[in-house]
Amino acid sequence: MLRIATVGVTSTLLLGTLATLPAFADDGTGTVTIAAAPASVDPEHPTATITGKVTGTDGAPVAAGTAVELTAPAGQGDVTAGSTDADGNYTATLSPNGTSDSVVVAASVPSLGLTSGQVTVAITRGQTDAVMNADKSTLDEGQSLTLSGAVTYNGTAVPGGKAVIGQTPDGDCTAPAMAPQTLTVGADGKFSTSVKPNCSGTFYVDTSPAGLYKGKRVTLGHTTVRYAGKLAFSATMDAYGQITAWTNLNSPSGGGQIYNRKVVLEYSANGTTGWKTVKTFADYGSGYKTSLRVYYSGYWRSRFLGDANFAPSVSPSKKLWRWSTKMTKLNASKTSIKKNKYITVSGYLSRWNTSKNGYAAFGGQSVRIIFRFKGKKTWYHVKWVKTDRKGHYSAKVRAYGDGYFAAVFAGTSDTWAAGTPNDRYVNTYAVPSPGQRSGPAPIVDVRPWRG
């Protein structure tokens, strides 16, 4: 029969051999003795035998089978009940659970009103061995790291208990430290968890085994974590295909703004697949900048390729989209005319129309008529003209000399620039009299488009 008492736990540790304590009775007669052997338990000897003798008022052993109750503080272990033999002796077993450093036991004989003194059984904890392993020693911030290990004693698994896993981060890390994780050691003595460390550093585990054991700290070798970076990205594209892109790389865990790294500009036609590197960014102010000329719409982004300290990263993509425009060949009312006289040039402007799945008239748009003299490269502005609702334009222009006329369209916010696919040659004759105009002033921003 098990009896759990509510008496307090004494701090006295009896480390000797078998100890016998005198008993007392409420009326001063009869005795109950109590002893424990061994006086200290450990993992290899986890129980102690409680023995004693009960005598009656006449000093003789009590009758065989007299019940003896053993008590110990609640929650500190189990102790069995006993009964006397023909010589008044009793035997019981104490099994401490290791929640305290010692267990105090007392005996009583309720039928005789007898109570013994107390005997203390000390606990000598066995030193466990612990191991911990990581599935990788180098990873990127945000990736999972699996930590696992085992607790043993003399090669045998020690189940239950706790394993507290934490990290000592390197001094240059500015991210919050990883919160320690408390794990329960399994029935096989093993423990395992996954963590996502923000910083490089050293992982450790503090084990607190259950029962008659003591734990220890085990430390892993250094774990390298490449800091995560975040790319901000912006880009513009004008009607002539000039793309200008900016990006900057920031790492909250790695100290903020990151400079002097290789960052590239990438392009994809659909924004999902087929990404390809187009150009490498150059350092610019607090970030990176690059520019190039293309003639296609699509999606753009920046990518950091990563290095020993920082993990690769990709920016959000940006859609740069313009619709195609097209100009017909430029017509001229005359191709031979007296110098400084007028001719009429005309043509059509259209743009891609998704609803029609083809080109349609692009009305209400400004078209510039330009001219260059034969044998020269400089183009001159001649006249602005608007397209009608059918995309047609027509302009009366002066023929300043032998040379070429063309028309260009500068595009809109969502369309490409375009130019006539031809330069219409006009031959002039006769020499103008003094004072007559010899030609318009040249301009430098006209870009005839042959896309």
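Assorted remarks:
- Sequence-distant contacts, meaning Cα pairs under 8 Å at least 6 residues apart, place the relative contact order of the chain at 9 percent.
- Between region 75-107 and region 257-274, the Cα center-to-center distance that results, in Å: 75
- Cα-projected label distance for residue 230 with residue 187, points at 7 Å along beta-carbon direction, nm: 4.6
- Computed over region 176-282: relative contact order in percent, which uses C-alpha pairs under 8 Å that are six or more apart: 15
- Additional length obtainable on full extension of the chain from residue 154 to residue 333, 0.36 nm per residue less Cα span: 53.8 nm
- At 1.002 mPa s and 20 °C, Stokes diffusion of region 92-241 via Kirkwood alpha-carbon radius, µm² per second: 112
- Additional length obtainable on full extension of the chain from residue 177 to residue 342, 0.36 nm per residue less Cα span: 51.3 nm
- Positive-end residue, the chain charge dipole about Cα centroid, Cβ charges, pick of 126, 400, 34: 400
- Solution diffusion estimate, µm²/s, Stokes-Einstein, the chain, Kirkwood Rh from C-alpha pairs, 25 °C, viscosity 0.890 mPa s: 78
- Expressed per residue, the C-alpha convex hull volume of region 232-320 stands at 89 Å³.
- Rounded FRET efficiency, nearest 0.05, which uses the C-beta distance separating residue 81 from residue 219 and R0 of 45 Å: 0.40
- Computed over region 307-415, Kirkwood Rh from alpha-carbon pairs, angstrom: 16.4
- Net length available on complete extension from residue 357 to residue 314 is 12.0 nm, with 0.36 nm assigned per residue and the Cα-Cα distance removed.
Each value in this text was obtained by applying a stated rule to the coordinates, not by laboratory testing. Keep in mind that what you see is a predicted model, and the values were worked out from it rather than measured. Note that we place each Cβ from the backbone using ideal geometry, even for glycine, and neighbour counts take in every protein chain shown.
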